[in-house]
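Novice: Before anything else, here's the structure in question.
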Amino acid sequence: VARRGPCAIGQARRRCRSPGRTAEDGEDAAGALAEPDGSDRCLSLLPWDRFSAWLHCVCVVGFDLELGQAVEVIYPPHSKLTDKEVKYCLLVYLFPYVGCLGDTQFCFRFRQSPGRKVSFCCFLDQLDRDLPVYLKKDPAYYYGYVYFRQVRDKSLKRGYFQKSLVLISKLPYIHLFRTMLKQIAPEYFEKSEAFLEAVCSDVDRWPPPIPGKILHLPVMGIIMKVNTPALIFVEGADAQISMALPTVHEVDLFRCFCPVFFHIQMLWELVLLGEPLVVMAPSPSESSETVLALVSCISPLKYCSDFRPYFTIHDSEFKEYTTRTQAPPSVILGVTNPFFAKTLQHWPHIIRIGDLKLPGEVPKQVKVKKLKNLKTLDSKPGVYTSYKPYLNKDEEIVKQLQKGVQQKRPTEAQSVILRRYFLELTESFIIPLERYVASLMPLQKCISPWKSPPQLRQFSQDDFMKTLEKAGPQLTSGLKGDWIGLYRHFLKSPNFDGWFRSRQKEMTQKLEALHLEALCNENLVFWSQKHTEVETVDLVLKLKNKLLQADREHLPVKTDTLKKLQTHINDIILALPEDLQDILLKTGTT
């Protein structure tokens, strides 16, 4: 096993980075890795770099009668987990409910320990930038994908075999890793550590997760054909035997929302507004799937608050999230412990669900219940809240889904209908905001090569509200209700703050890119001939900084533009005295 020291990583970065590097270059490097001869074309990859593009590590957690829960294996061996991160794996997630025999799969999410280094290879950041917002890595969090087995075993003192195989990753590829675990975990439990080593070696041969490219991901004799974020096929040795899976990241929406689908529109509003929300479920599987379904219902908008698909009393944020001395935070929690029914009784919105079964009959309409009716134990499934939705209820989607149940429409088809409904609702809501924010962008004629790029105009809530009368959601949605009130509430939410910061960054980078293009279109050599050497040297240093900024921030600039600017710099330097030429050609900027 090759261990990467700081020196090796630094060399890898230097080999991969160069001034003037652009988005296209990053894609070319990533593309090279997908080819058989990729290792010759991009020398920055070290052993386990390919593995790290997909997973941080693989853990096996077992139960020892004397020691209790213990991490038996972390692979690759050089992978590190801090004490706090190990605690998550040990105490929080891996033996969720003793009463259940058999195999269980679920997912959790936890904060990365502060101070941990990120991103070992330059182009992987570029790949992440090209992904939809809901598939981007969150640098502050890890996902844990769990396959837990509990079966009776009289040969063991405890009387039970209890073990979990856990994949730790930055990627929110829920469906991909769930499918992978389903393929490898049962075989691992029957074999040994050598099998796990072989799995990790397979992953280390995977190409990086390139958006929009069809990738072949071999793992223990099975080939997963992936198109991020579009489609996966799992193929056996016989190409005729294949199983089509919908996506790398989506959960079965209809199955998750079936117990409360009469209230899906209200739940969409609660998630959109970043309201504190608790899902009380009978198992980690139901808990995690429902939380992930809630987070995805506002796609393509990114849910910017914290969410925990499976949350327990051992979480380090337990006190922070359950205190009654302050208002509940903007977070979605999935819980199974009945203790939370009392601990989180002060939370404003609570969903109680029963077992998630494939819907074979029309669900009964369950009224929204008042929080005071939420009992500590044995409360009926339903939505407990005093929230009054801003928008009128859309009866059509409910009828459409009910009709699908009556006609025994496949749950996958029901999920497609529900996902399209959420998508259209979110887009109708966000388009007026996109249109207004685009108007804050300065005109291109205001960009001068001899001045700093102009600033974006300030967002004005009053000005935005005035645009809604003629260019509001009524143009794309037939839903009636208090849209103005919904927007006012949204503008105070973490989701708006996250969305606006992202748009602000994109537009600022666009202005920087346009400023670079304006500089390239000028005759800079002619300008330098009319100015002093001091001014010319100052210009050269500024232009070099511009090139470094374009590389560092992945500005949306064409490769030809950067090459042209580099040529301008070289021409200006060559027109200077030789002593200055030597200095400027060697001078780098930061």
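The values are calculated or read from the model by the stated rules, or taken from the named source; none is laboratory data. These numbers come from a predicted model, not from an experiment. So basically every Cβ, Gly included, is an ideal-geometry build from the backbone, and we count neighbours across all protein chains shown. In case anyone asks, the SASA skips ligands and DNA or RNA and just uses the protein heavy atoms, side chains included. Shrake-Rupley method; radii C 1.70, N 1.55, O 1.52, S 1.80 Å.
Novice: Please go through region 431-462 and give me each residue that is of a type outside the set (Phe, Trp, Tyr), under 25 Å from residue 300 (Cα atoms) and out of contact with any Pro (no Cβ under 8 Å at 6 or more places or on another chain), ordered by number.
Specialist: Result: 433, 434, 435, 437, 438, 439, 440, 441, 458, 460, 461.
Novice: While we're here: Restricting to region 548-567, what's the tally of residues that are farther than 16 Å from residue 508 by Cα and in contact with a helix residue (DSSP H, G or I) (Cβ under 8 Å, 6 or more places away or on another chain)?
Specialist: So the count comes out to 7.
Novice: On to the next question. Looking only at region 36-70, filter to residues that are open to solvent by less than 40 Å² (accessible area, probe 1.4 Å) and among the aromatic types (Phe, Trp, Tyr); which one of those is modelled with the lowest pLDDT?
Specialist: It comes out as 48.
Novice: I'd like the full set of residues that are at pLDDT below 90 and open to solvent by less than 50 Å² (accessible area, probe 1.4 Å), limited to region 427-447.
Specialist: Filtering region 427-447 down to residues at pLDDT below 90 leaves 443-447.
Scanning region 427-447 gives a single hit, 447.
Novice: Considering each residue of region 511-539, count those that are among the polar types (S, T, N, Q), over 46 Å from the mean Cα position of the chain (by Cα) and assigned to a helix (DSSP H, G or I), and give that number.
Specialist: Within region 511-539, the subset among the polar types (S, T, N, Q) is 521, 523, 528-529, 532, 536.
From the residues that got through so far, the ones that are over 46 Å from the mean Cα position of the chain (by Cα) too are 528-529, 532.
Imposing the further condition that a residue be assigned to a helix (DSSP H, G or I) reduces the set to 528-529.
Counting residues in region 511-539 that are among the polar types (S, T, N, Q), over 46 Å from the mean Cα position of the chain (by Cα) and assigned to a helix (DSSP H, G or I) gives 2.
Novice: Sticking with this one: Inspect all residues belonging to region 512-519 and state whether any of them is open to solvent by 30 Å² or more (accessible area, probe 1.4 Å), among the hydrophobic types (A, V, I, L, M, F, W, C) and under 24 Å from residue 446 (Cβ atoms). Quick ask: steps written out before the conclusion?
Specialist: Narrowing region 512-519 to residues open to solvent by 30 Å² or more (accessible area, probe 1.4 Å): 512, 517.
If we keep only those that are among the hydrophobic types (A, V, I, L, M, F, W, C) as well, we get none.
Looking through region 512-519, none of the residues is open to solvent by 30 Å² or more (accessible area, probe 1.4 Å), among the hydrophobic types (A, V, I, L, M, F, W, C) and under 24 Å from residue 446 (Cβ atoms).
Novice: In region 164-184, what count of residues is obtained for those that are closer than 24 Å to residue 141 by Cα and either more than 28 Å from the chain's Cα centre (by Cα) or open to solvent by less than 20 Å² (accessible area, probe 1.4 Å) (or both)?
Specialist: 14
Novice: Right, here's the next one. Under the condition of being closer than 24 Å to residue 443 by Cα and in contact (Cβ under 8 Å) with a residue 40 or more places away in the chain, which residue from region 530-551 is surrounded by the fewest Cβ atoms within 10 Å (Cβ to Cβ)? Break it down into steps so the answer makes sense when it comes.
Specialist: Start the filter on region 530-551 by keeping residues that are closer than 24 Å to residue 443 by Cα, which leaves 542-543, 546-547, 549-550.
Now restrict to residues that are in contact (Cβ under 8 Å) with a residue 40 or more places away in the chain: 547, 550.
Values: 547: 21, 550: 24.
So, considering only residues that are closer than 24 Å to residue 443 by Cα and in contact (Cβ under 8 Å) with a residue 40 or more places away in the chain, the one surrounded by the fewest Cβ atoms within 10 Å (Cβ to Cβ) is 547.
Novice: For region 216-251, which residues satisfy the criterion of being under 30 Å from residue 281 (Cα atoms) and at pLDDT 85 or above?
Specialist: Once the filter is applied, which keeps residues that are under 30 Å from residue 281 (Cα atoms) and at pLDDT 85 or above, region 216-251 yields nothing.
Novice: Just a yes or no: is a residue in region 113-132 of a type in the set (S, T, N, Q) and at pLDDT 80 or above?
Specialist: no
Novice: Turning to a different aspect of this structure: Filtering region 273-305 down to residues that are among the β-branched types (Val, Ile, Thr) and open to solvent by less than 10 Å² (accessible area, probe 1.4 Å), which residue is nearest to residue 427 (Cα to Cα)?
Specialist: We begin by selecting, within region 273-305, every residue among the β-branched types (Val, Ile, Thr); these are 278-279, 290-291, 295, 298.
With open to solvent by less than 10 Å² (accessible area, probe 1.4 Å) added as a condition, the list becomes 278-279, 290-291, 298.
Numbers: 278: 26, 279: 26, 290: 22, 291: 21, 298: 9 Å.
For region 273-305, the residue satisfying everything is 298.
Novice: Just to be sure I understand the filter: pairs with C-beta atoms under 7 Å, separated by 6 or more residues or on different chains, first member in region 479-497 and within 17 Å of residue 459 (Cβ to Cβ) and part of a helix (DSSP H, G or I), second member aromatic (Phe, Trp, Tyr) and open to solvent by 10 Å² or more (accessible area, probe 1.4 Å). Which pairs pass?
Specialist: Qualifying pairs under 7 Å: 490/496; 495/303.
Novice: Just checking, which of 393, 357, 364, 408 is under 13 Å from residue 265 (Cα atoms) and either part of a loop (DSSP other than H, G, I, E, B) or at pLDDT below 90 (or both)? Quick ask: steps written out before the conclusion?
Specialist: Details: 357 fails: under 13 Å from residue 265 (Cα atoms); 364 fails: under 13 Å from residue 265 (Cα atoms); 408 fails: under 13 Å from residue 265 (Cα atoms).
That would be 393, the only listed residue that is under 13 Å from residue 265 (Cα atoms) and either part of a loop (DSSP other than H, G, I, E, B) or at pLDDT below 90 (or both).
Novice: I need the full set of residues from region 314-336 which are surrounded by 14 or more Cβ atoms within 10 Å (Cβ to Cβ), part of a loop (DSSP other than H, G, I, E, B) and at pLDDT 85 or above, in order please. Steps first, please.
Specialist: Residues of region 314-336 surrounded by 14 or more Cβ atoms within 10 Å (Cβ to Cβ): 315, 317-318, 321-322, 328-336.
Still in the list and also part of a loop (DSSP other than H, G, I, E, B): 315, 317, 328-330, 336.
Within region 314-336, 317, 328, 329, 330, 336 meet the criteria.
Novice: A follow-up question, please. Being outside any helix (DSSP H, G or I) and under 13 Å from residue 513 (Cα atoms) is the filter here; which residues of region 540-575 pass it? So that I can check it myself, show each step before the final result.
Specialist: Applying the first criterion (outside any helix (DSSP H, G or I)) to region 540-575 yields 553-558, 575.
Correct list: 553, 554, 555, 556, 557, 558.
Novice: While we're looking at this one, here's another question. Quick one: what pairs do we get from region 504-529, first residue within 28 Å of residue 577 (Cα to Cα), second among the small types (Gly, Ala, Ser) and open to solvent by less than 30 Å² (accessible area, probe 1.4 Å), C-beta under 7 Å, 6+ apart or different chains?
Specialist: The qualifying pairs are 516/550.
Novice: Also, I was wondering about something else. From the set of residues in region 393-407 that are more than 31 Å from the chain's Cα centre (by Cα) and in contact (Cβ under 8 Å) with a residue 24 or more places away in the chain, which is surrounded by the fewest Cβ atoms within 10 Å (Cβ to Cβ)?
Specialist: Out of the qualifying residues, it is 406.
Novice: Please specify each residue of region 147-173 satisfying the condition of being at pLDDT 90 or above and of a type in the set (Val, Ile, Thr).
Specialist: 166, 168
Novice: In this structure, is residue 462 open to solvent by 50 Å² or more (accessible area, probe 1.4 Å) and either at positive phi or touching a residue at least 40 places away in the same chain (Cβ under 8 Å) (or both)? So that I can check it myself, show each step before the final result.
Specialist: On the way: open to solvent by 50 Å² or more (accessible area, probe 1.4 Å): yes; either at positive phi or touching a residue at least 40 places away in the same chain (Cβ under 8 Å) (or both): no.
No.
Novice: If I go through region 194-209 residue by residue, how many of them are part of a helix (DSSP H, G or I), among the acidic types (Asp, Glu) and open to solvent by less than 60 Å² (accessible area, probe 1.4 Å)?
Specialist: So the count comes out to 1.
Novice: Is it the case that some residue within region 71-92 is among the basic types (Lys, Arg), open to solvent by 10 Å² or more (accessible area, probe 1.4 Å), part of a strand (DSSP E or B) and modelled with pLDDT of 75 or more? If you could, list the steps in order and put the result at the bottom.
Specialist: Looking only at region 71-92, we keep the residues that are among the basic types (Lys, Arg), and these are 80, 84, 87.
Filter again for open to solvent by 10 Å² or more (accessible area, probe 1.4 Å), leaving 80, 84, 87.
With part of a strand (DSSP E or B) added as a condition, the list becomes none.
No, because not a single residue in region 71-92 is among the basic types (Lys, Arg), open to solvent by 10 Å² or more (accessible area, probe 1.4 Å), part of a strand (DSSP E or B) and modelled with pLDDT of 75 or more.
Novice: What are the residues in region 432-451 that are assigned to a loop (DSSP other than H, G, I, E, B), aliphatic (A, V, I, L, M) and closer than 14 Å to residue 503 by Cα, if any? Working first, answer last.
Specialist: To start, the set of residues in region 432-451 that are assigned to a loop (DSSP other than H, G, I, E, B) comprises 439-443, 447-451.
Filter once more, keeping what is aliphatic (A, V, I, L, M): 440-441, 443, 447.
Passing the criteria: 440, 441.
Novice: Mind listing just one residue for me: the one in region 134-193 that is outside any helix (DSSP H, G or I) and touching a His at 6+ places or on another chain (Cβ under 8 Å) and, of those, farthest from residue 296 (Cα to Cα)?
Specialist: Just the residues of region 134-193 that are outside any helix (DSSP H, G or I), to begin with: 136-173, 191-192.
Subsequent filtering for residues that are touching a His at 6+ places or on another chain (Cβ under 8 Å) retains 142, 168-170, 172-173.
Numbers: 142: 17, 168: 21, 169: 19, 170: 17, 172: 11, 173: 12 Å.
Across region 134-193, the extreme among qualifying residues is 168.
Novice: Would you pick out the residues in region 178-205 that are in contact with a strand residue (DSSP E or B) (Cβ under 8 Å, 6 or more places away or on another chain), more than 14 Å from residue 72 (Cα to Cα) and not charged (D, E, K, R)? Step through it out loud before you land on a result.
Specialist: Here is the first cut: in region 178-205, the ones in contact with a strand residue (DSSP E or B) (Cβ under 8 Å, 6 or more places away or on another chain) are 178-186, 188-189, 193, 196-197, 199-200, 202-203, 205.
If we keep only those that are more than 14 Å from residue 72 (Cα to Cα) too, we end up with 178-186, 199-200, 202-203, 205.
Correct list: 179, 180, 181, 183, 184, 185, 186, 199, 200, 203.
Novice: Take residue 456 and tell me if it is hydrophobic (A, V, I, L, M, F, W, C), out of contact with any Leu (no Cβ under 9 Å at 6 or more places or on another chain) and surrounded by fewer than 18 Cβ atoms within 10 Å (Cβ to Cβ).
Specialist: On the way: hydrophobic (A, V, I, L, M, F, W, C): yes; out of contact with any Leu (no Cβ under 9 Å at 6 or more places or on another chain): no; surrounded by fewer than 18 Cβ atoms within 10 Å (Cβ to Cβ): yes.
So residue 456 does not fit the description; no.
Novice: When region 457-478 is examined, which residues are found to be over 13 Å from residue 436 (Cα atoms), of a type outside the set (S, T, N, Q) and outside any helix (DSSP H, G or I)? Write out each step before concluding.
Specialist: Initial filter on region 457-478 (over 13 Å from residue 436 (Cα atoms)): 474-478.
From what is left, the residues that are of a type outside the set (S, T, N, Q) are 475, 478.
478, the sole residue that qualifies.
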